[in-house]
Every structure is written in structure tokens, then in C-alpha cells.
Amino acid sequence: MDAAEFRRRGREMVDYVADYLENIEQRPVYPDVEPGYLRSLIPTEAPLEPDNYDDIIKDVERIIMPGVTHWQSPYFFAYFPAASSYPAMLADMLCGAIGCIGFSWAASPACTELETVMLDWLGKMLKLPEHFIAGTHGHGGGVIQSTASEATLMSLLAARCKAVRRVQETNPERLEAEVLSKLVAYSSEQAHSSVERASLIGGVMMRKVPTDNTYAVGGGMLKKMLEEDRAAGLIPFYFCATLGTTSSCAFDHITELGPICNEENMWMHIDAAYAGSAFICPEFRPLLNGIEFADSFNFNPHKWLLINFDCSTMWVKKRQDIIGAFKVEPLYLKHENQESGLVTDYRHWQIPLGRRFRSLKMWFVFRLYGIEGLQAHIRKQVVLAKEFESLVRADKRFEICAEVVMGLVCFRLKGSNELNQLLLKRITESRTIHLVPCQLSGLFVLRFAVCSRVTDSGHVQHAWRQITQLSCELLQSDH
């Protein structure tokens, strides 16, 4: 493919993408395929001679689209949003064309410097404490990670390294292996599974802190567990607080938890993967009060801020804590400006070495939407969630299972877990709307998350009609 054909095919692809998104609600949101469906539809080996481009595009519709779950459909209400917007897609196209691997400032100065500035822009939108902003006299800064899972792992590994060094400074005779065996991390019992996974990868013990009746962790329970563990000779070193849990969008009480972590010399990481985007709205910003106590903070603009995956933003209070844990300097990666104090080499802030020019997506979206446009998007989806909540509350057969704060509604049919499992099974099999469940207080609960950028009141009303129709059929049968 030469430049001339690329121009032609590029226009065709833009048209295909625009048509796909404009007409996406005409497609079943959930695929009707069995595991392994695709293998029989494609050759067992790659072609020896080049294929025809038109045939490839035909195969997208014939082979790929039947197996796609359409996350951008206005009838997709599962998990959390996977953000998408035309400006972000255009920026990703440019990122692919530039094709730089921005592991250091020298590898592509614009890639590094735009990321630093975009994290400062976003940090200021969130009104983060000044020590998280790179362009100040503070010692912190921001970085784009691939996912919140990666950000949590990075924070835990940095905290582990810092804790081991601190213990060995006062007790140099203690071996690293011995110290590691005593370290203990903490998270909410409602925290995302990736937090527990980080502890498994990091080789440290993790204890889950019970939550209150709002599914949030308070200071009292954490303090009690810390006292017990210190008495048992363990070394508490890390707590991961969650703002906007996956199951119910609950918010840990970080104004209580933060001072405890600071007093106990524990690293506090805040995971706000979904909810963090909403903190650019003044009415939601109080939920972030207590951020001043945190050592690191992360959320996913690729969930709710109209920036396509992957873009998970992370800030640290002291950049040296994260750089010092992972810095390796082979000769082939060194450059003359690295010790100048004027540049950032992001390879020291992450697990991989290579990294894409992801800040372009932030730059395009922030400029083409403006803060007010992004706030309007979030507020619209919260209003839609409140509309769905009111529909549920008006039907006495159903119950709301957790406070609706943002764009997630947790609800269920009054009755057994089996009844609700059957309802979800029928919803999934209908392929008209898509939801996933969670468990709250031992109950099987359905989650309704407003996800698509184009979801409106009509889609919410349609979803509710579908749910109530299937519920009627289920209640009238012997199920």
C-alpha cells in the first residue's frame, strides 16, 4: 500500500467507522456466537501472497463483527464505560503515524513533554494538591499508565521498596527476604480484583478491610486491623483506598483513612478508576477531599472522559519514590540531558519500557471539548442514571441496592438470587441490552451503568421496558 492508496483507503475507513458508530444501535449489542466460532472461518496459516484489501474489509463484517460485543452501543450498560470520541480516534491515528516509542525524553521530546503538561492540565481540572503537579516547586508529577491495574501494581511495588529500605536503615541486620515476609498491605473487601492481584505479583500479604453498610471502608476498622497486625509482629506498609468501587460505586472515607496512613508511615494509594473523571465537576469534587494525604492517585480517562483506551492517569506525591524503585540505566538508553533536572524519562515510572504517544488523545479531546464539554458529558450520564433509578423505585417488584451517586444503578427483583440470575440470563440471551451482575451483602444484584457517549433517555426507557417485560414473563412462569 503506497501513500496514494492509503489516502483512498483511509477515507473509506473513516466512512466505515462513522457509519458503524452512527448505526451501531441497529446491531445486537451482545454477539450470538459460541466459543471457538472464529477459527473455522479463517485459514489455518497466514497467506503466502498478499490478500486483496476489499476482501479483508468484507471479512470484517463476515468474521469479526458477528463476534463483537458493541461497547459503544447505547444499549450497552455493562461493566463501566469504555470512552470513545472522534477527536480521540483522530489523535490515535496520528499517534500510529508518528510511531515513536517514548521511553525517554531523547526518544521523542514532544511525546514526553506533552504528557507532562497534559497530566498537569488534568491535575488542575481536578484541583489536585500542588505537590502532584510537575510544573510547580513540588516533587511529584503525573504519568499515563495503560490501566488502573498497572497503576495499582506500580504504587504497591514502590511502597514495598520504600518500606524495605526504611526498615533496613534502622535494622541493617535484617535481610530483605525477612522484611518482605512481614509486610502487609490492605484494601477494601469491595476493592477491584486487580488490587489483590497486585499483592500476588508483588509477593506481599494483603488483608481485606470490612466495609460499612454503604460498602465503604472507614478509619475505625482499618485502625483496629493495624493494631492487631503490629502486635503480631507484622509491618503494615500500604493501603489502597477506592473511590467508586466496581460493584456499587462506593467511596471509602479517605478523610479518615488518610491521617491514619500518614501516622502509621503507610503508603496510601487512591484508585478512582471510574469515578475520578467526575471530580472535574465542582459538585462531585468533595468526594476527593482527603487526596492531600495520598502518596499516589489514579483514575481512567479512558472510562468516562471521552479518551479512547488506553489512558490511565497516575500522580505521585514524590516522583523519587517511584523512580528510585525501578531505575535501571543501560548505556544504550542514556542521553546527555537525563541528569539535567529538566527532563522526565517515563521508562522509570512504569512496568514496560516502550510507550505510545498517548497524550495526543488528551490534548485533542481537552481542546475540542473544553472543560465545560467534558463536564456536560458526565452530568448527562448521571442524570440518565437517576432517571433509571426513578423507574426502578416506581416499580414495587424491584429494589435499589446501593446509593446512586454517579452513572451506576444497582438493582434487583425482590426475591431469591436464583430469580435474579434467571432474569440476567434472559436479558443476555435477548441480546437487546447488556448488563453484568455483582454481589452485595450476599445478594445477586444487577448493575446498570450508563456507558455510551450517545445514550439518551429513549435508550434508558427502552432498556427498562425490556427488563420489565422479561421480568413479567419470568414471574408468570415457574422459572
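Readers should treat all values here as calculations from the given coordinates under stated rules, not as data from a laboratory. Model, not experiment: these values are computed from the prediction. FYI the Cβ positions are ideal-geometry reconstructions off the backbone, even for glycines, and counts take in every protein chain you see.
General observations
- Amide H contacts for Phe398 (H built 1.01 Å from N in the peptide plane; partners 5 or more residues away or on another chain; cut-off under 5 Å): Lys414.
- When only the Cβ of Lys, Arg, Asp and Glu is charged (+1, +1, -1, -1), the dipole of the chain relative to its Cα centre reaches about 700 debye.
- Per residue, the convex hull spanned by the Cα atoms of the range 361-479 measures out at 117 cubic angstrom.
- Kirkwood Rh and Cα Rg combined as Rg over Rh, evaluated for the range 40-157: 1.09
- Normalised per residue, the volume of the convex hull around the Cα set of the range 96-151 (Å³): 108
- Mean separation of Cα contacts under 8 Å, 6 or more apart, over the residue count of the range 3-74: relative contact order %: 54
- Residues whose placed amide H lies under 5 Å from that of Ser85, excluding near-sequence neighbours: Asn308
- For the range 3-74: rounded, prolate or oblate by the Cα gyration tensor [a/c cutoff 1.5]: oblate
- For peptides 296-302, 373-379, sequence by mean Cβ density within 10 Å, most packed first: 296-302, 373-379
- Around the Cα centre of the range 3-74, unit charges on the Cβ atoms of Lys, Arg, Asp and Glu (plus for the first two, minus for the last two) sum to a dipole of about 160 debye.
- Cβ-placed point charges (K, R +1; D, E -1), dipole of the range 374-478 about Cα centre in debye, nearest 20: 220
- Chain lengthening between His139 and Arg165 when straightened (0.36 nm per residue, less Cα-Cα): 7.4 nm
- Based on C-alpha pairs under 8 angstrom that are at least 6 apart in sequence, the chain has a relative contact order of 22 percent.
- Positive-end residue of Val392, Ile378, Pro352, charge dipole of the range 351-417 with Cβ unit charges: Pro352
- The Met93 and Ser477 beta-carbon pair, evaluated with R₀ = 35 Å, returns a calculated FRET efficiency of approximately 0.10.
- Residues Glu196 and Lys223, FRET efficiency given R0 of 25 Å [Cβ-Cβ distance, rounded to 0.05]: 0.70
- Flagged links, alpha-carbon separation over 18 Å, of Lys127/Lys317; Lys124/Lys380; Lys162/Lys223; Lys127/Lys361; Lys303/Lys380: Lys124/Lys380; Lys162/Lys223; Lys127/Lys361
- Local charge for Asp456 was computed over the other residues whose Cβ lies under 12 Å away, with Lys and Arg +1 and Asp and Glu -1, and equals 0.
- With an a/c value of 1.5 or above and a/b not larger than b/c for the gyration tensor axes a ≥ b ≥ c computed over the alpha-carbon atoms, the range 100-356 is described as oblate.
- Segment Arg39-His462, length gained on full extension (0.36 nm per residue, minus Cα span): 148.8 nm
- Taking Cβ atoms as reference points and 15 Å as the exclusive limit, the residues near Ala4 contribute a net charge of +1, counting Lys and Arg as +1 and Asp and Glu as -1.
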